[in-house]
Amino acid sequence: MSQEVQATAASTRPRRAKGEVQVWLTAVGLSTGLIMIIGLLGLILWNGITVFWPKPVVEFALREADGKTTAVAGEVVKTRLRPADDGSAGKEEIQIFTGNKDAYGLAFRFIDGEAVTGRTEPRDLILAERMEYGDSLFYPIGLDLADGSRVEVADEKFDETFSQLVREAGERRREILHIEKKQIGRLNERIRSEEMAIRRLERSGGGDPAPHQAAIEAAQKEYEALAAEARRLRAEQESNILRYRLASGEERTQKLGDFVHYYRPNDLSWFGRLGVFSYHFFEFITGEPREANTEGGIFPAIFGTFVMTILMAVMVSPLGVIAAIYLREYAAQGLMVRIVRICVNNLAGVPSIVFGVFGLGFFVYGVGSFIDGGTKTPMPAVAWWLSGLAFIVNAVAAIVLAMNYGGSNPNLPKPNAVIRFLKPFTAVCAVLFGIATLVFNPYFDGFYSESLPTPTFGTGGILWASLTLALMTLPVVIVATEEALAAVPRGVREAALACGASKWQMIQRVVLPSALPGVMTGVILAMARGAGEVAPLMITGVVKLAPSLPIDLSAPFIHAERKFMHLGFHIYDLGFQSPDSEGAKPMVFATTLFLILLVVVMNLTAIRIRTQLKKKYQASAF
């Protein structure tokens, strides 16, 4: 009887639903992905933020092999166990940042943990940021001033005098930079424009170059005056000297003009550390790089990445939307359209370096060289005029045939076989003759032929880099826009047509506004991919250090031909091309953090716009 009861209970027990294990596996997969993403972002955030926080400096007393005791000071970077040669327990090694690359040759070193006989954190030790050779750790001894007087460290006025002289040196440095980059830069542009004007006169064989020569001479006089002022300021930068002692006991001197900022890391309160953190953070996002990009800030890279991404989005959006509208709304859904869609989808999987090579060959060497100096193989004049006439005839014929036969208007007559052949034939001929007329123009010598052989647009620049990335992200926008157009309800379309709207009016005023949230989704995905690409940019315009920004206050304000810096390339350069790999590690994490933040900010802005559009147009189910 008991066995029957147990069998009945077992039969009535609820069974595990089919597929429950697979559901749990999907949850495990999602959790694993989230943990990996959060871990990666947490690692970048922690290592990127702690770069700016001031760390204590430890002075180690070391026992050498001969029994003598030496001292070395530095920030503790990490501690590790070095395996012994005989396989026994490893020995402790401490990696420290010693700075003073000009004195020690390297800014980092390992010390044997067993050789450490003492550790202290001296409060009078100074950490100073310098223009060259990185940071310096030292004990100040005194100041040798320009007037011949001395201020020793025991003097109560030493700190005030030292701080004031460093501030004055910073102001002079900014003034020198303004003179050399702004004022002298504008003079160089004036001189270059006058020289180009003289070249144009020489090529045309007429005109008097004397006014241009006079303008060049006047600009050169201004240049000499500005250069003399810059030399005077540089001499003042070298007039005051700091005497200091390293932890090893060596005494050295340093011009105060080489110092950027200093503080005593072991004598800071919590609010003092917060102030140093804020200073480092602000300087990093607003300053310019130096010391092979391992020191200074990343503002040119932030600005270049932002401008390049915005230009790319502005270029790819109309092209992608127009192509998607034609493929979805107008093109006959046949074999040709299916082939085009397959090609678009395959383009999304092409390696980015391939797009970079195409951009270099087509945009830089093709279009850019044509803009600079015109065509290298012009047509004969008669052939060019005939080509232009053929372009006009075929363009007019294509427009007339398109407006009077077939199309979306049922009132137009249906085309016969001849018309069906002539419509695409005349359109293709118009495109081919138009390109030939433009490219092989014998009357066009380029816009910058006077500056050749130095190229203007015939070399890498932010315009060509943006166009290359726009071409690379075009499939993303096309596919997203097509899906958004297809998601607009059929009833909305029919209602617009029933009210008397033409097909184009229906697309323009009903379908496209309803699909805009989906279009913005494609643009967001394109921006996210384009902002982080590096390989195409390396051969189409990005550089290690750009002398000027692509947008500034000098006419014409937007300089599409200029090279630019990019955060992604900056990370690559620091991580793999830096002469000091250990010193570049903190900069790699900090730059990566700001690249992620920049992409997030731009995407959030686009998502905000998409949300507003979705609230305004509720017809789409996308």
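The values are calculated or read from the model by the stated rules, or taken from the named source; none is laboratory data. Note that the structure is predicted; figures quoted are calculated from it, not measured. Note that we place each Cβ from the backbone using ideal geometry, even for glycine, and neighbour counts take in every protein chain shown. Just the protein is used for accessible areas: all its heavy atoms, side chains included, with ligands, DNA and RNA removed. Shrake-Rupley method; radii C 1.70, N 1.55, O 1.52, S 1.80 Å.
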With respect to G320, determine if the residue is touching a helix residue (DSSP H, G or I) at 6+ places or on another chain (Cβ under 9 Å) and either part of a helix (DSSP H, G or I) or exposed (fewer than 14 other Cβ atoms within 10 Å of the Cβ) (or both). yes
Taking the range 496-514 and keeping only residues that are surrounded by 16 or more Cβ atoms within 10 Å (Cβ to Cβ), of a type in the set (A, V, I, L, M, F, W, C) and out of contact with any Asp or Glu (no Cβ under 7 Å at 6 or more places or on another chain), one is left with A496, A501, M506, V510, V511, L512
Filter the range 586-609 for residues that are without any contact (Cβ under 8 Å) to a residue 24 or more places away in the chain and not β-branched (V, I, T); the one that is least open to solvent (accessible area, probe 1.4 Å) is L597
Of the conditions (1) surrounded by 13 or more Cβ atoms within 10 Å (Cβ to Cβ); (2) in a helix (DSSP H, G or I); (3) touching a residue at least 40 places away in the same chain (Cβ under 8 Å), the single one that I392 does not satisfy is (3)
Selection from the range 1-57 of residues that are among the aromatic types (F, W, Y) and modelled with pLDDT of 85 or more: W46, F52, W53
Whether any residue in the range 459-468 is touching an Asp or Glu at 6+ places or on another chain (Cβ under 7 Å), open to solvent by less than 20 Å² (accessible area, probe 1.4 Å) and not in a helix (DSSP H, G or I) is what I want to check. yes
So how many residues does the range 536-560 have that are open to solvent by 70 Å² or more (accessible area, probe 1.4 Å), on the phi < 0 side of the Ramachandran plot and not in a helix (DSSP H, G or I)? 7
(1) touching a residue at least 40 places away in the same chain (Cβ under 8 Å); (2) surrounded by fewer than 21 Cβ atoms within 10 Å (Cβ to Cβ) all hold for G530 apart from (2)
Go through the range 145-157 and give me each residue that's surrounded by fewer than 16 Cβ atoms within 10 Å (Cβ to Cβ) and within 20 Å of E238 (Cα to Cα). L145, A146, D147, G148, S149, R150, E152
Those residues of the range 32-82 that are open to solvent by less than 100 Å² (accessible area, probe 1.4 Å), more than 42 Å from the chain's Cα centre (by Cα) and not polar (S, T, N, Q) come to a total of 5
Quick test for you: out of E238, E168, E202, pick the one residue that is of a type in the set (D, E, K, R), without any contact (Cβ under 8 Å) to a residue 40 or more places away in the chain and in contact with a Gly (Cβ under 9 Å, 6 or more places away or on another chain). E238
Which listed residue is at pLDDT 85 or above, more than 30 Å from A348 (Cα to Cα), under 33 Å from the mean Cα position of the chain (by Cα) and assigned by TED's automatic domain parsing to the domain that holds A531, from T473, T456, T468: T456
Going residue by residue through the range 483-505, is there one that turns out to be within 32 Å of the chain's Cα centre (by Cα) and within 30 Å of I302 (Cβ to Cβ)? no
Being part of a helix (DSSP H, G or I) and open to solvent by less than 20 Å² (accessible area, probe 1.4 Å) is the filter here, so list the residues in the range 561-582 that pass it. L567, G568, H570, D573, L574
Scan the range 192-219 for residues that are touching a Leu at 6+ places or on another chain (Cβ under 9 Å) and surrounded by 14 or more Cβ atoms within 10 Å (Cβ to Cβ) and jot them down. P209, H212, A219
So which residues in the range 226-249 are farther than 30 Å from L187 by Cβ, surrounded by fewer than 16 Cβ atoms within 10 Å (Cβ to Cβ) and either at pLDDT below 90 or not charged (D, E, K, R) (or both), if there are any at all? S248, G249
So in the range 506-535, with the set limited to residues that are in a helix (DSSP H, G or I) and among the charged types (D, E, K, R), which one is farthest from the chain's Cα centre (by Cα)? R509
Looking only at strands (runs of 3 or more DSSP E) that lie completely in the range 226-298, which have at least 2 residues being closer than 27 Å to M565 by Cα and not acidic (D, E)? 259-263
Output for the range 103-134, where each listed residue is within 21 Å of F52 (Cβ to Cβ), open to solvent by 30 Å² or more (accessible area, probe 1.4 Å) and assigned to a loop (DSSP other than H, G, I, E, B): E121, M131, Y133
With respect to T540, is the statement that it is more than 30 Å from F447 (Cα to Cα) and touching a residue at least 24 places away in the same chain (Cβ under 8 Å) true? no
Starting from the range 173-185, take each residue that is under 20 Å from D258 (Cβ atoms) and list its partners that are of a type outside the set (D, E, K, R) and at pLDDT 90 or above, counting only C-beta distances under 7 angstrom and pairs at least six apart or across chains. E175/L233; I176/A230; I176/L233; I179/L226; I179/A230; E180/A230
